[in-house]
Amino acid sequence: MPEKAPRGVTYSAPDEAYFEARGLRRFAGVWSLWALGVGAVISGDFFGWNFGLLSGGFGGLLVATVIVALMYIGLCFSIAELSPALPHTGGAYSFARTAFGPWGGFLTGLAESIEYVLTPAVIVVGIGGYVGTILESSFGLVIPAPLMWAAFYALFVGVNIAGVELTFRLTVAITIVALLVLVVFWIGAIPHFRWEHALSVAPAPGQSIWFPNGIAGITASLPFAVWFYLAIEQLPLAAEESHNPKRDMPRGLLWGIATLIVASFLTLFLNAGIPPGAALVGASEEPLFLAFRTIFGPGAGATTLALAAVAGLVASFHAIIYAYGRNIYSLSRAGYFPTWMSRTHATRKTPHVALLIGAVVGYVVALAIEYGQAFFGDVPVGGVLLNMAVFGAVIAYIMQMAAYLRIKSIAGLERPYVSPLGRSGAVVAGAIAALTLVFLFVNPDYRPGIYGVTIWFAVSLGYFAFYARHRMILSPEEEFALQAVTDT
């Protein structure tokens, strides 16, 4: 019999067969989680961040990166406390569901769906840029970018469907390769660093070379600084596939953000501060390729290392495909999305339906922006998609930090890890996320993409209001949240 829960939501308790058809398999340990977090983000050091150089100049992007790093420190410490206390695949949706009920949970889950479905689309555009440049310069081959996007989606969705063991082992391997590529770049770039290269963006009238667009440039750079850290927060989605999430999840999160902070500042200084300089790096879709040309010359050495640099993009592409699969899976398992989306492979125990759906949506969005000049103009597809992904991410961050403050008041909740930053860290992180959300609208070129995301929110919430909330399932996240409400 359906059970009528508070707040106008109707639940039913399915039989064992429902959850057997949606089973996952545990595999991950602390190093797998570290690699998943770092791998998901590492592409931000290869592509995406550099567009902020044109918005704010080197100084503006540097200040924005410091601000955003503080946000992610607060975020990671907060979810390091939440994730072992609520060890469910739902992740951020589970946190907000416990704190704010089904509406808050679904809003947060939708925001993460946007982030995790669109971020691979941003990354595959970067992969296409790197691979296209390499093929043309080395072999004279010109392959349409959409064909390369489709090939990479097919390959890595296939790997994720093949099994969680292969997924995590490949994640560890390509994350280490990507970090080694960055180490080669950092060491090779040091002798070439000059301040005049970093400060080569021409200032607007009355502005300085450090801040060529003034304070407005700093705020406009915030979304691009987010790219250095975007998706580290996906780790809680692996809770039901981890051997010991209560012990390993906080370690993976905190070791991961420490790695990424070091990498972000080294990349910012050493890519912008060597020839051809920040002005050209900021306009490039393959900034690290430019750096390798400076360090090793235009010959085969640079081409080989640029090919290796694709490992960074591939690491993030692969890891975030994992994330959107689990996000869609968890929302579907609870009934927010149609329940057929959460079925897992009979033998591999991976959410193959969710993985395929996310790939199709991301690819179609990339195509729409690539060929939608009438609507988007000549705006770079990567920049539009990046801002759409960041828009979803910062909404999810605001909701997670608000959820942290609310859940902090649940006295009887077991907390295997407690954030040393406490409520203050969550408040600071939430405030910076809110500021970033406001300034996403500063660049008018990217507003159409954000408006599209807003329409997605409206349509999805309408679907929940008129249909899904009357057909909810007592999934682990929902049962935990209902019990938490009963206990408080």
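Taking the average, over residues, of other Cβ atoms within 10 Å as the packing measure, peptides 51-61, 282-292 rank 51-61, 282-292 from highest down.
If R0 is taken as 35 Å, the Cβ-Cβ distance between Arg423 and Ile215 corresponds to a FRET efficiency of 0.75. Modelling each spin label as a point 7 Å along the Cα-to-Cβ direction, I'd like the Trp195/Ala283 distance in nm, to one decimal. Label-label distance for Trp195 and Ala283, simple model: 2.6 nm. When Rg and the Kirkwood radius Rh are both evaluated on Cα atoms of the chain, their ratio Rg/Rh stands at 0.97.
Rounded to the nearest 0.05, the FRET efficiency derived from the C-beta distance between Val183 and Ala150 at R0 = 30 Å is 0.40. Between Ser138 and Leu166, the simple spin-label model (points 7 angstrom out along Cα→Cβ) gives 2.5 nm.
Listed peptides 12-19, 329-336 appear in the order 329-336, 12-19 once ranked by packing, highest mean of other Cβ atoms within 10 Å at the front. Taking a ≥ b ≥ c as the square roots of the Cα gyration tensor eigenvalues, with a/c under 1.5 meaning rounded and otherwise prolate when a/b beats b/c, else oblate, which class fits region 397-488? Judged from the Cα gyration tensor, region 397-488 comes out oblate (a/c at least 1.5, b/c at or above a/b). Exposure proxy shown here: for Thr98, Thr347, Thr259, Thr10, the number of other Cβ atoms within 10 Å sets the order, fewest to most, as Thr347, Thr10, Thr259, Thr98. Listed by Cβ neighbour count within 10 Å, with the fewest neighbours leading, Arg247, Arg22 appear as Arg247, Arg22.
Computed from backbone phi with θ = phi - 60° and the Karplus coefficients 6.51, -1.76 and 1.60, the 3J(HN,Hα) list for region 169-183 is 5, 5, 4, 4, 5, 6, 5, 5, 4, 4, 5, 5, 4, 5, 4 Hz; x is used for glycine and proline.
Need one word for region 180-239: rounded, prolate or oblate. Basis is the Cα gyration tensor (sqrt eigenvalues a ≥ b ≥ c); a/c below 1.5 gives rounded, then a/b vs b/c decides. Judged from the Cα gyration tensor, region 180-239 comes out oblate (a/c at least 1.5, b/c at or above a/b). For the pair Tyr371 and Leu413, a Förster radius of 41 Å applied to the C-beta separation gives a FRET efficiency near 0.25, rounded to the nearest 0.05.
Every number in this text was worked out from the coordinates using simple rules, so none of it is lab data. Owing to the predicted nature of the structure, the values given are computational and were not obtained by experimental measurement. Heads up, the Cβs are rebuilt from the backbone with ideal geometry, glycines too, and the neighbour counts pull from every protein chain shown.
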